[in-house]
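To start, the structure under review is shown below, and the notes come after it.
Bear in mind that the values in this text are calculations on the coordinates, not laboratory data. Remember, it's a predicted structure, so these values are computed and weren't measured experimentally. Backbone-built Cβ (ideal geometry, glycine too); neighbour counts: all protein chains shown.
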Amino acid sequence: MQKNKDGMRYPSIDKLLSKIDSKYKLVYAASKVAHIIEADKLKVEGSQCVKSIGIALEEILSDKVHIDFES
């Protein structure tokens, strides 16, 4: 599998917004998941992205991460 080193072209923002309805919530969720990945508390295999934020977005897109937001 080829790794994505071209920046934030993948995963698509349109697909991500179908999972989380706000760009602000998406950024918040991705940063929290990326922090967990960087702390080696979450092992992810088979991702296309190299950086932890891209991996976090992939995890959100594939429904492997569930986040509840308070109103």
Exercise for the section: Look at region 34-71 and say how many of its residues are within 17 Å of SER18 (Cβ to Cβ) and out of contact with any Ser or Thr (no Cβ under 7 Å at 6 or more places or on another chain). Expected result: 12
Practice task
Output yes when any residue across region 21-38 is acidic (Asp, Glu), in contact (Cβ under 8 Å) with a residue 40 or more places away in the chain and surrounded by 13 or more Cβ atoms within 10 Å (Cβ to Cβ), and no when none is.
Solution key: no
Problem - Count of region 22-64 residues which are among the β-branched types (Val, Ile, Thr) and under 17 Å from SER12 (Cα atoms) - result: 5
